[in-house]
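Read-outs: derived from the displayed coordinates by stated rules, not from any lab. Remember, predicted model here, so these are calculated numbers, not experimental data. Here the Cβ positions follow ideal geometry from the backbone for every residue, glycine too, while neighbour counts run over all protein chains shown.
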Amino acid sequence: MDVTRKVDCDVLVVGGGNAGLVASLEAHSRGANVLLMEKAPKKARGGNSRFSGGLFRIAYPRGTEDFVPLVKGMKLPKGELEIEPYTKDDFYNKVMNLSEGLSDKRATEIFVENSLETVIWMKEQGLNWDLFWDFMIKKEDRLFFPNTTTVLQALGLGEGLVEMLYGIVEKRGIKVLYETAATSLIMNEAGAVCGVMAKDVDGLFRVNAKSVILTCGGFQASPEWRRRCLGENWDLVKLRGTRYDTGDGLKMALEIGAATVGHWGGCHASIVSEDSPMIEAASANSERYCYHLGVLVNRKGERFVDEGEDFMPYTYAKFGKEILKQPGSVAFQIFDGKIIPRLRPAYQNAIHVENDSLEGLAEDLDINIEKFMATIKQFNEAIINDEAPFVPFRLDGRRTRGLNPDKTNWAQKVDKPPYRAFAVVCGLTMTYGGLKTNERAQVIDTSDRAIPGFYAVGEITGGFFYHNYPVGTGLVRGAVMGRIAAAEAVANTK
């Protein structure tokens, strides 16, 4: 296609979220002329990263000692910091267990192995880190962080992460094109990717590049792609993340013969409030992640998941799918007076139903009263170790027996008024299927060969996550692989 406008660069990065920003910084530090292309307008820049919690799951085998360079300069509450070690084996095994052994082993090893080094590098670039205080346990004069959750968080959450990285990008003089979408990849006669056709508010233009890195996300913002790949009713779910990840990069890559891999019928589907917006729901404080402390019922008044199967970071991304299967695709989180004070800040001032009687609560919710009352009665009577201590930061073994499904941790009788209920639905964050890449982040074609000059990183790639997802893994994977892709892309320009 002939166009009058043309732009030249060494490395073109398509997609301005965490992975693309890190790749841009790494490529620039290696001397390349970098161009970053962002589909969103400047005020909405950052892709799904903007709507994340800014959490980075890393391996820290020395515990507190590994955090010393990361928290340097931070203002911490009074008390001695104590962070339980989280080894590389802990991290690797969690990813593999949650994927039922399907995650690409070598790819997992790479981002686990490089996780700590990468966040230290990000700190050195100018990013400010914080600790994830929601799961801090105060033990006398100690600030204790168990290794059962993610500890590291970007200052200012996802928006803070994105804005800090863009600030660094701008300070380095890296050019960013906003409201600009790549529409197709350009290949030369040797079969190498050498640029893209793009579209902005002024029309079509060509970008010539020696290497192209796609970091433009999956297809979660396209109802058509969701219905086709994920199945019935997925076109109707609420979208937690960015509206701009509509599968454009996938489409372009498939057109030039890129291979796909991974769980195309799988996705990150967590739990959000029923009243949250249909698009970019994560911006509305909509997460409802205390379900493990109470019981979860559907419109029939029946439980349908083991709320205490594991810690929230290891179940939240799959329970949304189970809610979608329920009547009306809605469920209700039920808490009694013992748990209400423990609810996370997102629950404060949120829409809810409260009643001093369980029967009144069910009536207010317009669910099956008789079945709900029977469910709670059976649940309370099935708790076999009610005298055991309730320990929210450990798998405490307080469980039921004889129910289908049982609750295997944190089971407490629902018996202390007031009773409070929150209506929740499925919230889609990202998709798991994507482009096939190798350990150098090169895109592989359908003949199992690397496509010269072509790289992909982040949610556009597949093979990393299947069935489930450990919180904080996507951002660190994107950062680790973003640096690798950048190094390879710059080497390709020599």
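Brief remarks follow.
- Between segment 148-183 and segment 301-350, the alpha-carbon center distance in angstrom: 31
- Segment 68-219 - charge dipole about Cα centre, Lys and Arg +1 at Cβ, Asp and Glu -1, debye rounded to 20: 360
- Structure-based [θ]222 nm, the chain - -39500 (n - 2.57) summed over DSSP H runs of at least 4, per residue, nearest 500: -8000 deg cm²/dmol
- ³J(HN,Hα) computed for each position of segment 126-134 - Karplus, 6.51 cos²θ - 1.76 cosθ + 1.60, integer Hz, glycine/proline x: x, 7, 9, 9, 9, 9, 7, 6, 4
- Note on the chain: Cα convex hull, mean projected area over all directions, 23.3 nm².
- Environment charge at H467 (Cβ cut-off 10 Å; Lys +1, Arg +1, Asp -1, Glu -1): +1
- For the pair K88 and V201 in one chain, pulling the backbone fully straight at 0.36 nm per residue adds 36.1 nm over the alpha carbon distance.
- Residues with amide H under 5 Å from that of Q442, placed H, sequence gap 5 or more: none
- Length released on extending from K6 to D386, taking residue separation times 0.36 nm less the Cα-Cα span: 129.8 nm
- Note on the chain: antiparallel DSSP beta bridges, both residues inside, total approximately 65 percent of the bridges counted.
- Whole-Hz couplings from phi, Karplus 6.51/-1.76/1.60, listed for segment 215-224; x for Gly and Pro: 9, 9, x, x, 10, 5, 8, 10, x, 5
- Distance between segment 212-280 and segment 421-438 - C-alpha centres, whole angstrom: 8
- Relative contact order (%) - segment 269-427, alpha-carbon pairs under 8 angstrom, separation at least six: 35
- Cα centre as origin, Lys/Arg/Asp/Glu Cβ charges: the chain dipole, Debye: 780
- Value of relative contact order over the chain, rounded to a whole percent, pairs C-alpha under 8 Å and six or more apart: 23
- A Stokes-Einstein calculation at 25 °C with viscosity 0.890 mPa s, built on the Kirkwood radius of segment 127-247 over Cα pairs, returns a diffusion coefficient of 131 µm²/s.
- Only one residue of A284, G482, P77 has its Cα farthest out toward the positive end of the dipole of the chain, where Lys and Arg carry +1 and Asp and Glu -1 on Cβ, and that residue is G482.
- Using the Cβ of K371 as centre and a radius below 9 Å, the other residues enclosed give a net charge of -1, where K and R count +1 and D and E count -1.
- Net charge contributed by nearby residues that have their C-beta within less than 14 Å of V169 (K/R +1, D/E -1): +1
- Furthest towards positive pole of dipole, C9, C267, S24, structure part the chain, Cβ charges: C9
- Taking the square roots of five times each eigenvalue of the Cα gyration tensor of segment 70-184, the equivalent ellipsoid has semi-axes of 29, 24, 12 Å, listed largest first.
- Computed packing ranks the peptides 6-13, 196-203 as 6-13, 196-203, most packed first, by mean other Cβ atoms within 10 Å.
- For segment 366-494, the residue among I451, G472, C426 whose Cα projects farthest onto the positive side of the dipole built from Cβ charges is G472.
- Diagonalising the gyration tensor over the Cα atoms of segment 269-427 and scaling each eigenvalue by 5 before taking the square root yields semi-axes of 22, 18, 15 Å, largest first.
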